[in-house]
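The values are calculated or read from the model by the stated rules, or taken from the named source; none is laboratory data. Note that this is a predicted model, so its numbers are computed, not measured. Cβ: placed from backbone, ideal geometry, glycine included. Neighbour counts: every protein chain shown.
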Amino acid sequence: MLLRDAKPSDKFDILKFCQNTFSWGDYIKDVWDYWLSEGSLLVIEKNLPIGVCHALFLPKQVWVEGIRINSNFRRQGLASNLIKQVESMATKKQIPILLMLIETENTPSLFMAKNLGFTINQTWIFYSLLPKKNISHDVSFGNIIQNGEFTHYVKSWRWLPLTKETILELNSQNKIIFSKMEGEQTVAILEDSEHFSKTLIVTLFAGSKKNTMNVISFLQNYGFEKKYQRLQILTKETLPEFKNLEQKLSFHLMQKLLS
């Protein structure tokens, strides 16, 4: 078997075994060209491509995503080999942390990750919210995030470091909103999906129920006014009941320290 960089001609063979990964299908077809252009898209080949994995290398972390193995070749350690290759690349670049996201119910993948030295860093919940006209809210745009208060935010389903520079950039683009009442606050970061049209991805740092309901009301109306089709909310907290807000899945943010 050969582990190598992906090439454009791999797409057809990869997508053949990346169609029914989840109950709703798979997203690899929507991101393949994007990942290929970013680089660090790895393929395992045995006559034909039988496995794939993408990595995003940042100064202080590597984000590992899209691990897929042809069902005829599973239980052979191929997914582990892909992750080990990413780890080797990270070590050479002196990047200290590997991160990846695994659904909390995906026992085989969690077992593999733990065998490779990953631990659960955080647990996040995915909610969907139906856009709808809603005037019951009072939310402000602006930066009230203290550096180091929150560690990561979500951009196109990647958990990226929330650095001081990132916070300043998000604030300059009016992507930070908050509700602050009675000495508590709920903060949200808004990002358009890079891969799916009319999809807003929200990182929500929930505070009191009152503030959180206020922000959710705003998001629902914001989605309606901006004509979004999907509002995806990622948060570490269980959100209060709200009409048209649906809890979908939960995920473990897995971490491995390399130094």
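Here's the yes/no breakdown for (1) outside the structural domain of V62 (by TED's automatic domain parsing); (2) more than 27 Å from L98 (Cβ to Cβ); (3) within 15 Å of the chain's Cα centre (by Cα):
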site: G142; (1), (2), (3): yes, yes, no
site: Q146; (1), (2), (3): yes, no, no
site: V154; (1), (2), (3): yes, no, yes
site: L168; (1), (2), (3): yes, no, no
site: I176; (1), (2), (3): yes, yes, no
site: E184; (1), (2), (3): yes, yes, no
site: F196; (1), (2), (3): yes, no, yes
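Does at least one position in the stretch 97-113 carry a residue that is polar (S, T, N, Q), in contact (Cβ under 8 Å) with a residue 40 or more places away in the chain and more than 26 Å from L234 (Cα to Cα)?
no
Can you report the number of residues in the stretch 77-108 which are small (G, A, S), under 16 Å from G51 (Cβ atoms) and surrounded by 17 or more Cβ atoms within 10 Å (Cβ to Cβ)?
Total meeting the criteria: 1.
In the set Q19, Q85, Q76, Q94, which member is at pLDDT below 95, out of contact with any Gly (no Cβ under 8 Å at 6 or more places or on another chain) and either within 19 Å of L110 (Cα to Cα) or not in a helix (DSSP H, G or I) (or both)?
So the residue among Q19, Q85, Q76, Q94 that is at pLDDT below 95, out of contact with any Gly (no Cβ under 8 Å at 6 or more places or on another chain) and either within 19 Å of L110 (Cα to Cα) or not in a helix (DSSP H, G or I) (or both) is Q76.
Within the stretch 132-166, take every residue that is in contact with a Lys or Arg (Cβ under 8 Å, 6 or more places away or on another chain) and part of a loop (DSSP other than H, G, I, E, B) and give me the one that is modelled with the lowest pLDDT. Let's see the steps before the verdict.
Filtering the stretch 132-166 down to residues in contact with a Lys or Arg (Cβ under 8 Å, 6 or more places away or on another chain) leaves 140, 144, 147, 161.
If we keep only those that are part of a loop (DSSP other than H, G, I, E, B) too, we end up with 144, 147.
On the way: I144: 84, N147: 73.
Restricting to residues being in contact with a Lys or Arg (Cβ under 8 Å, 6 or more places away or on another chain) and part of a loop (DSSP other than H, G, I, E, B), the top hit is N147.
Assigned to a strand (DSSP E or B), over 13 Å from the mean Cα position of the chain (by Cα) and charged (D, E, K, R), is that true of K180?
Details: assigned to a strand (DSSP E or B): yes; over 13 Å from the mean Cα position of the chain (by Cα): yes; charged (D, E, K, R): yes.
Criteria met by K180.
Looking at the stretch 221-244, which of its residues are surrounded by 18 or more Cβ atoms within 10 Å (Cβ to Cβ) and either within 23 Å of H195 (Cβ to Cβ) or charged (D, E, K, R) (or both)?
Y222, G223, Y228, L231, Q232, I233, L234, T235
Just to be sure I understand, how many residues within the stretch 42-60 are in contact with a Phe, Trp or Tyr (Cβ under 9 Å, 6 or more places away or on another chain) and either of a type in the set (F, W, Y) or closer than 20 Å to H252 by Cβ (or both)?
Number satisfying all stated conditions: 4.
May I ask you to list pairs of residues, at least six apart or on different chains, whose Cβ atoms are under 8 Å apart, with the first in the stretch 66-83 being closer than 14 Å to I28 by Cβ and not assigned by TED's automatic domain parsing to the domain that holds G39 and the second being in a loop (DSSP other than H, G, I, E, B) and at pLDDT below 95?
That search, which allows pairs on different chains as well, returns nothing.
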